[in-house]
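See structure below.
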Amino acid sequence: MTRHPKLFEPGLIGTLKLKNRIVMPPISTNLAGKDGTVTDELIFHYAERARGGVGLITVENVCVDYPLSRHGAAQPRIDDDAFIPGLRRLADAVHEAGALIAVELTHPGMNAELRFTEGHTPVAPSAVPRSKDGLLPRALSREEVMKVVGKYVEAARRAKTAGFDAVELQACHGLLINQFLSPLTNKRQDEYGGSRENRLRFLLEILDGIRLYLGEFPVMVRLVAEDVLEGGLTLEDGQWFARRLEEAGADAIHPDFGLGGKEKRLEPMPYPQGWRVYLAEGIKKAISIPVIAVGVIREPPLAEEILEAGKADFVALGRALIADPEWPSKALAGEEKSIRKCIGCNECVVARHVEDAPLRCTLNPAVGQGRDFARIDRAEVRKRVLVIGGGPAGMEAAQVAARRGHQVTLYEKENRLGGALNIASIPPGKEKLNWVTEYYSHELPRLGVELHLGEMVDAEMVRAWRPDAVIVATGSEPAIPDIPGVARPNVIVAQTLLAQKMQFADKRIAIIGGGMLGLETAEYLAAQGNAVTVLKRYTTVSRLIEPLYRDYLLRKLKEEGVEFVTEVEVEEITDGGVVVLDRQGARKLIPADWVVMARGARASDRLAREIENFHPVVIGDAVEPRKIIDAIHEGFVVAKAI
Ligand code: SF4
């Protein structure tokens with residue numbers, strides 16, 4: 001008997017019978033071939049998720065009209081019959097692995113990137129400059145609109161021929177169908193513009209066309225529930241469209257945001273779980289066909305609660321299934337503590353949207369790497385493996401080594417696992433980082449890893465232990481620059497301040513350092529009601545901070561009244577504050593009751609040097625302080641090689 005009966009109840013979408021209420025929404029992977037063909041990596045990616053127990057997988061962002069609807073560096077295509085054999089291999093693999101499969105038919109319209117459209121000007125319902133960069137798209141003629149309708153219908157036919165179980169029409173996120181629906185982007189004077197009914201016509205013609213040519217083939221609509229841009233569609237518009245789509249024979253509505261607001265659909269870490277579910281709830285009130293809820297659903301009890309409360313009929317798990325494809329099967333088996341819960345760090349978003357690179361995940365090193373890399377084989381010889389350091393690198397290395405059958409012992413000098421995560425999780429909105437430590441704290445003992453917490457390791461101990469392999473993951477320590485006055489009693493190191501959760505009230509606090517550590521410490525202190533000033537060498541904000549989170553954080557700091565003094569060098573710390581020198585050579589005192597040193601960290605590698613004779617493998621911040629993804633991925637790779 002499962003703890004989540006609603007979640008694992010079979011459900012219907014049109015004629016399609018799902019084994020449970022879990023749907024994977026489309027998430028682009030950049031794992032198709034550059035020519036749009038299906039690759040082994042793409043098949044493996046989706047088959048892994050199917051094996052993990054999801055009911056229905058919706059394949060990402062598929063191009064219906066090349067090159068004008070190209071919307072990604074390595075995006076699957078369905079605009080020609082030549083792509084059917086590859087798509088059939090994908091559908092067969094997902095079916096064999098136990099899930100149903102749909103395809104998301106996508107046209108970005110005005111939001112197509114010029115680097116993908118082979119220089120063609122993006123098309124749109126109307127020549128309205130797009131909000132992100134002012135580029136003016138070309139308005140589709142009436143005849144062209146009808147041709148694009150035909151492209152969707154043809155794409156649906158190919159999906160059915162290839163063995164897909166359904167299609168999902170992409171009609172949100174500011175893409176082409178959304179552009180037709182919204183009065184902000186649709187200024188047409190013909191039958192495709194003006195009234196709501198006219199703005200819906202393009203989408204209805206696609207739906208009607210699919211019905212006419214493919215009969216009962218299930219069609220879901222990823223519908224804009226409301227635009228984020230001011231003056232755009234409201235939830236009432238979304239409800240109205242949903243009602244009309246139900247009348248026209250749509251089989252399910254999967255509501256989400258429309259024009260604008262990328263941050264609201266690729267939420268950075270601070271957004272709470274399930275905050276976007278109100279969109280599904282609102283749409284569900286208007287219709288009786290199934291509604292799919294999406295947005296930061298990370299824990300089975302929340303998914304169950306959404307279904308139980310009747311807010312939606314299905315839940316969509318996107319990043320949750322990237323981080324852990326076995327989320328559904330673990331939830332079904334009551335092994336929730338073994339779920340690697342997505343923390344919303346958006347490393348996956350940076351890969352796909354910023355770098356045009358294959359999908360990757362901080363917590364799951366196997367993502368985007370193909371079958372061989374993902375496989376964790378049993379070791380031929382069982383070795384005694386000593387892992388020194390219980391931060392993310394050490395915990396992942398210990399986990400993988402144990403899975404391979406090695407005898408693993410992990411030493412951590414603090415009384416708990418987590419390392420740098422224990423500090424990084426303190427600023428506001430960073431609590432999800434605790435999930436990482438909770439996961440390993442549950443998994444390592446279960447896998448037989450011997451944990452020694454609160455114990456320092458020295459060279460003598462390593463010598464006495466005589467391990468077959470030593471992994472040094474001793475992390476980092478605060479970098480303290482040699483600034484006059486740095487040892488004064490009014491100076492605190494940011495990491496210490498956070499680790500001890502220090503509280504201040506109504507103080508003037510100057511923070512030296514405007515990287516992620518400095519900015520997050522500023523938010524932590526400002527939230528306590530202090531007057532915070534951040535002193536920075538440069539005006540720009542670190543590119544190492546994920547862009548959506550960076551914008552979010554800077555907005556919060558502004559709201560909290562945090563001041564920035566940029567392009568200054570710190571000369572001295574005094575009892576009264578910080579003396580800085582600006583680019584013009586002018587000196588001034590930034591008055592402060594407390595000074596916080598937030599100049600990052602440096603590798604804690606002393607032990608590694610002392611035990612060189614044992615040929616230790618050094619990983620994570622002990623090599624060089626970097627991101628969590630670097631630590632976890634190094635732990636994975638190193639342990640696979642022992
Ligand atoms: Fe979640 Fe981060 Fe993995 Fe993306 S990279 S799926 S946000 S844990």
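The values are calculated or read from the model by the stated rules, or taken from the named source; none is laboratory data. None of these values were measured; they are calculated from a predicted model. Here the Cβ positions follow ideal geometry from the backbone for every residue, glycine too, while neighbour counts run over all protein chains shown. Ligands, DNA and RNA are excluded from the accessible area calculation, which covers all protein heavy atoms including side chains. Shrake-Rupley method; radii C 1.70, N 1.55, O 1.52, S 1.80 Å.
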Checklist entry - Ordering Met1, Met456, Met395 by how much accessible area each has at a 1.4 Å probe, largest first, what is the list? => result Met1, Met456, Met395
Next on the checklist: Test of the criteria: in segment 277-345, which GluC sites (Glu not before Pro) are in a DSSP loop and have at most 14 other Cβ atoms within 10 angstrom of their Cβ?
Outcome noted: Glu335
Item to check | Charge dipole (segment 555-595, unit charges on Cβ, about Cα centre) - positive-most of Pro591, Leu581, Leu557 | outcome: Leu557
Checklist entry - Ignoring any ligand, DNA or RNA, what whole percent of the accessible area of segment 491-599 comes from carbon and sulfur when the probe is 1.4 angstrom? => result 49
Checklist entry - Taking Lys160 as the anchor, which lysines have their alpha carbon closer than 26 Å to its alpha carbon, excluding any fewer than eight residues away along the same chain? => result Lys17, Lys19, Lys34, Lys147, Lys151
Item to check | Accessible area expressed per residue, segment 500-544, with surrounding protein chains retained (probe 1.4 Å, Å²) | outcome: 48
Checklist entry - Given a 1.4 Å probe, how much area per residue of segment 11-371 is accessible, in Å²? => result 33
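How large is the charge dipole for segment 187-327, taken about the Cα centre, if only the Cβ atoms of Lys, Arg (+1) and Asp, Glu (-1) carry charge, to the nearest 20 debye?
380
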Checklist entry - So, in segment 264-337, how many Lys pairs have Cα atoms under 21 Å apart, if the pair is 8 or more places apart or on different chains? => result 4
Checklist outcome for this item: Sorting Pro427, Pro268, Ala166 by the position of each Cα along the dipole of the chain (Lys, Arg +1; Asp, Glu -1; all at Cβ), the one nearest the positive end of that ordering is Ala166
Checklist entry - So how far, in whole Å, is the C-alpha centre of segment 516-550 from the one of segment 593-622? => result 24
Checklist entry - Restricting to the chain, what percent of DSSP beta bridges are antiparallel, rounded to 5? => result 20
Checklist entry - Considering only protein heavy atoms and a 1.4 Å probe, what is the carbon-and-sulfur percentage of the accessible area of segment 11-371? => result 50
Checklist entry - Which order do Lys507, Lys132 take by accessible area at a 1.4 Å probe, largest first? => result Lys132, Lys507
Item to check | Percent of beta bridges antiparallel (DSSP, segment 11-371, rounded to nearest 5) | outcome: 10
Checklist entry - In debye, nearest 20: dipole of the chain around its Cα centre with unit charges on the Cβ of K, R (+) and D, E (-)? => result 280
Checklist outcome for this item: When the charge dipole of the chain is computed with +1 on Lys and Arg Cβ and -1 on Asp and Glu Cβ about the Cα centre, the Cα farthest towards its positive end, among Gln179, Ala603, Ile43, belongs to Ile43
Checklist entry - What ranking of Trp327, Trp240 comes out by heavy-atom accessible area, probe 1.4 Å, highest first? => result Trp240, Trp327
Checklist entry - Excluding ligands and nucleic acids, what accessible area in Å² is computed for Asp356 using a 1.4 Å probe, to the nearest 10? => result 50
Checklist outcome for this item: Treating only Lys and Arg (+1) and Asp and Glu (-1) as charged, each at its beta carbon, one finds that segment 273-369 has a dipole about its Cα centre, in Debye to the nearest 20, of 160
Checklist entry - Say R0 is 41 Å: what FRET efficiency, to the nearest 0.05, do Ala487 and Arg626 get from their beta-carbon distance? => result 0.90
Checklist entry - If one puts a single equal scatterer on every Cα of the chain and applies the Debye formula without solvent, what log₁₀ I(q)/I(0) results at q = 0.07 Å⁻¹? => result -0.51
Next on the checklist: Run the helix sum for the chain: -39,500 (n - 2.57) per DSSP H stretch of 4+ residues, divided by residue count, reported at 222 nm to the nearest 500 deg cm²/dmol.
Outcome noted: -9000 deg cm²/dmol
Checklist entry - Using the alpha-carbon centroid of each, what span in Å lies between segment 52-117 and segment 166-187? => result 18
